[in-house]
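The values are calculated or read from the model by the stated rules, or taken from the named source; none is laboratory data. Everything numeric in this text was worked out from a predicted model, so none of it was measured. Backbone-built Cβ (ideal geometry, glycine too); neighbour counts: all protein chains shown.
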Amino acid sequence: DGGITQSPKYLFRKEGQNVTLSCEQNLNHDAMYWYRQDPGQGLRLIYYSQIVNDFQKGDIAEGYSVSREKKESFPLTVTSAQKNPTAFYLCASSLLDRNQPQHFGDGTRLSIL
Amino acid sequence: SQQGEEDPQALSIQEGENATMNCSYKTSINNLQWYRQNSGRGLVHLILIRSNEREKHSGRLRVTLDTSKKSSSLLITASRAADTASYFCATSTSSRLTFGEGTQLTVNP
């Protein structure tokens with residue numbers, strides 16, 4: 001079954017700690033995206049990548065980092081520089097054709113301990 | 001930057017009624033997409049309408065797009081309790097989507 005898998009579903013971060021959220025897709029999509037969603041809000045773009053070994057900052061990249069070493073994988077690291085990391089994080093992927101939709105994982109909920 | 005704005009923010013209706021949600025945006029777009037999100041889950045794509053299209057149907061969904069007014073509407077006909085969810089519009093420009101803040105739809109049985 002093709003799709004996007006995010007793990008873990010829930011994650012807790014201690015003060016000063018970096019944490020990494022996993023996103024894997026087997027849809028053979030070139031483009032992958034990370035979004036942040038706060039309660040009752042829409043999605044804000046953190047980073048996106050259209051090709052392996054390349055990625056671009058979105059609207060709220062500060063305090064986050066990503067890598068794209070494989071087409072299937074796009075992990076997001078929430079660094080200690082992100083002072084308000086508590087949110088729901090969503091990963092998506094799509095074909096490069098802009099008239100194709102994005103496919104989403106089921107999210108990771110990150111909280112501060 | 002928030003491109004799309006949905007209206008209303010929340011909508012509560014009875015099963016069998018129609019639900020209409022509106023989306024306004026500010027800049028030129030390639031297409032406009034509607035997504036659905038059940039509580040605590042990821043988004044599911046519902047329908048995509050290109051900038052040169054005016055109306056599109058998919059099952060009980062009807063989407064309209066008015067590029068002169070920079071607005072779109074999503075109509076769900078004969079609603080069901082299972083339609084309860086948040087609905088988001090997203091505008092496509094260059095290589096990314098920009099999402100609105102969503103409409104929370106509650107369909108009461």
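Return yes or no: is A:Arg36 of a type in the set (Lys, Arg), surrounded by 12 or more Cβ atoms within 10 Å (Cβ to Cβ) and at pLDDT below 95? Judged against the criteria, A:Arg36 is not a match. No other residue among B:Leu74, B:Leu105, B:Leu43 is closer than 18 Å to A:Asp59 by Cβ and buried (at least 16 other Cβ atoms within 10 Å of the Cβ) apart from B:Leu43.
Just to verify a result, which residue in region A:81-92, among those that are touching a residue at least 24 places away in the same chain (Cβ under 8 Å) and of a type in the set (Gly, Ala, Ser), is nearest to B:Gly40 (Cα to Cα)? Ranking the qualifying residues of region A:81-92, first place goes to A:Ala87.
Only one of the numbered conditions (1) facing chain B (nearest Cβ under 8 Å); (2) modelled with pLDDT of 95 or more; (3) surrounded by fewer than 20 Cβ atoms within 10 Å (Cβ to Cβ); (4) more than 12 Å from the chain's Cα centre (by Cα) is not met by A:Gln102, and that is (3). State whether one or more residues within region B:5-20 are buried (at least 22 other Cβ atoms within 10 Å of the Cβ) and either among the hydrophobic types (A, V, I, L, M, F, W, C) or part of a strand (DSSP E or B) (or both). Yes - at least one qualifying residue is present in region B:5-20.
Per the listing B:Ile29, B:Ile49, the residue uniquely surrounded by 16 or more Cβ atoms within 10 Å (Cβ to Cβ) and not in a strand (DSSP E or B) is B:Ile29.
For region A:31-113, list the strands (runs of 3 or more DSSP E) that sit wholly inside it and hold at least 3 residues that are of a type in the set (S, T, N, Q), within 30 Å of B:Gln104 (Cβ to Cβ) and in contact with a strand residue (DSSP E or B) (Cβ under 7 Å, 6 or more places away or on another chain); which are they? Don't jump to the end; show me each part of the working.
Details: elements: A:31-37, A:43-51, A:54-57, A:64-66, A:76-78, A:87-94, A:108-112.
Qualifying strands (runs of 3 or more DSSP E): none found.
Within region B:58-85, the set of residues being closer than 17 Å to B:Leu11 by Cα, touching a Phe, Trp or Tyr at 6+ places or on another chain (Cβ under 9 Å) and free of Cβ contacts under 8 Å to residues at least 40 places away in the same chain comprises just one member, B:Leu61. Across region B:12-44, the qualifying residues are those that are among the aliphatic types (A, V, I, L, M) and more than 14 Å from chain A (Cβ to nearest Cβ), and the one among them that is farthest from B:Ile76 (Cα to Cα) is B:Ile13. Under the condition of being among the β-branched types (Val, Ile, Thr) and in contact (Cβ under 8 Å) with a residue 60 or more places away in the chain, the residues counted in region A:37-80 number 2.
Return the pairs, sorted by first residue and then second, in which the second residue is of a type in the set (Lys, Arg) and at pLDDT below 95, the first residue lies in region B:5-33 and is over 14 Å from B:Leu105 (Cβ atoms), the beta carbons are less than 7 Å apart, and the residues are 6+ apart or on different chains. Final answer for the pair search is B:Asn30/A:Arg98. Within region B:91-101, restricting attention to residues that are at the interface with chain A (Cβ under 8 Å from one of its Cβ atoms) and part of a strand (DSSP E or B), which residue is surrounded by the most Cβ atoms within 10 Å (Cβ to Cβ)? The qualifying residue surrounded by the most Cβ atoms within 10 Å (Cβ to Cβ) is B:Leu97. Tally time: how many residues in region B:62-85 are assigned to a strand (DSSP E or B) and not hydrophobic (A, V, I, L, M, F, W, C)? Result for region B:62-85: 6.
Looking only at region B:54-90, residues that are away from every other protein chain (no Cβ under 14 Å) and either touching a helix residue (DSSP H, G or I) at 6+ places or on another chain (Cβ under 9 Å) or basic (Lys, Arg) (or both) come to 7 in all.
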